[in-house]
């Protein structure tokens, strides 16, 4: 039996991507319907009215041989039903066209009035307007974090990101949690995170990172796989419920996989074994009112620190911060680096210090 060609898997993968890629009139209409929500009947009614109007203009120009201005005026007085006389005497075909315009125009106006009245009665205008305003705020974000799921894990992740003053958008389909996010002033997209359109509305093409914190592990795998395909540069952190599932999420594209129950158990054990160390880590990672924080700072190629060693840079003297470790671009981690260690562009400094010192150090590393 001949061996399958090496190009076939790649061809099948490209074909699958093309099938999953949004396109076609039906998918575009569906995206518009989801975007406008309760206003969709008004949008379709106005669009059909425009089509009817300019279709009538074209019809009078063809059937009666009138000019554009005469045809425009005739359609205007016909759809408005103001009762003015015709521009010129109509032929039999012109009377048929006028009758069709009157019937369709009256029906269209009745549909628009009914749709608008329904929105008013149900009190949905304020809700729809609020969603559009929320979406406009999301559309302005760049290099933000997307959190999929606002449950016990996701809500804590959102809270910590907001506490650091960083932009974040949450994707959640549960109605009760959506109302809670409104109360918490959290930017969110109300929908299923496994839906590609919901991720696009959250701005995944512009996002810096994504946290897959859904309760279903299968959903986290799907979100991770889809997000990696939509934004290859995205930093993805995924939640797993069992240690045996870590490799599955990593194969799907997760940069890091977390086990919440394992992390909680380890932290509790460390609180008993090494309580002082645990207390110190909690102080540097929480809003405790102390001027102490742990931060990671990347050295850019424009930084004055690039090419200097630690002692010549005088980081400790100038900013009163301690360099705990240096992470090289190749992943090598240097803990408690010696004073002669040379910092390079692309290095990541892990430092501890006060807010003012960290801000000053950040200014010269970026």
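A few remarks follow.
- Some residue of region 227-236 being in contact with a strand residue (DSSP E or B) (Cβ under 9 Å, 6 or more places away or on another chain), surrounded by fewer than 17 Cβ atoms within 10 Å (Cβ to Cβ), under 30 Å from residue 265 (Cα atoms) and in contact (Cβ under 8 Å) with a residue 40 or more places away in the chain: no
- Residues satisfying the criterion are absent from region 319-338 (criterion: out of contact with any helix residue (DSSP H, G or I) (no Cβ under 6 Å at 6 or more places or on another chain) and in contact (Cβ under 8 Å) with a residue 40 or more places away in the chain).
- Some residue of region 269-284 being surrounded by 18 or more Cβ atoms within 10 Å (Cβ to Cβ), on the phi < 0 side of the Ramachandran plot and not assigned by TED's automatic domain parsing to the domain that holds residue 352: no
- Positions within region 200-218 being more than 20 Å from residue 159 (Cα to Cα), touching a residue at least 40 places away in the same chain (Cβ under 8 Å) and not in a loop (DSSP other than H, G, I, E, B), in sequence order: 201
- Elements of the type strands (runs of 3 or more DSSP E) sitting completely within region 308-366 and holding at least 2 residues that are surrounded by 14 or more Cβ atoms within 10 Å (Cβ to Cβ) and not assigned by TED's automatic domain parsing to the domain that holds residue 165: these cover 321-327, 348-353.
- The condition (being modelled with pLDDT of 85 or more and within 23 Å of residue 198 (Cβ to Cβ)) is satisfied by just one residue among 97, 141: 141.
- Condition check for residue 82: outside any helix (DSSP H, G or I) and surrounded by 13 or more Cβ atoms within 10 Å (Cβ to Cβ): no
- The one condition from (1) closer than 30 Å to residue 353 by Cα; (2) out of contact with any helix residue (DSSP H, G or I) (no Cβ under 6 Å at 6 or more places or on another chain) that residue 234 does not meet is (2).
- Members of region 176-199 found to be part of a helix (DSSP H, G or I), farther than 16 Å from residue 162 by Cα and out of contact with any strand residue (DSSP E or B) (no Cβ under 8 Å at 6 or more places or on another chain), listed by number: 176, 177, 179, 196, 197
- Only residues that are under 19 Å from residue 166 (Cβ atoms) and out of contact with any helix residue (DSSP H, G or I) (no Cβ under 6 Å at 6 or more places or on another chain) were counted in region 204-231, giving 7.
- Scope region 54-91; condition closer than 30 Å to residue 29 by Cβ and out of contact with any helix residue (DSSP H, G or I) (no Cβ under 6 Å at 6 or more places or on another chain); matching residues: 54, 55, 58, 62, 76, 80
- Residue check for residue 215: farther than 28 Å from residue 143 by Cα and surrounded by 11 or more Cβ atoms within 10 Å (Cβ to Cβ): no
- Among the residues of region 273-307, the ones that are in contact with a helix residue (DSSP H, G or I) (Cβ under 9 Å, 6 or more places away or on another chain), in a helix (DSSP H, G or I) and modelled with pLDDT of 85 or more come to 0 in all.
The values are calculated or read from the model by the stated rules, or taken from the named source; none is laboratory data. Being a predicted model, the structure only gives us computed values, none of them experimental. Note: ideal-geometry Cβ built from the backbone for every residue, glycine included; neighbour counts use all protein chains shown.
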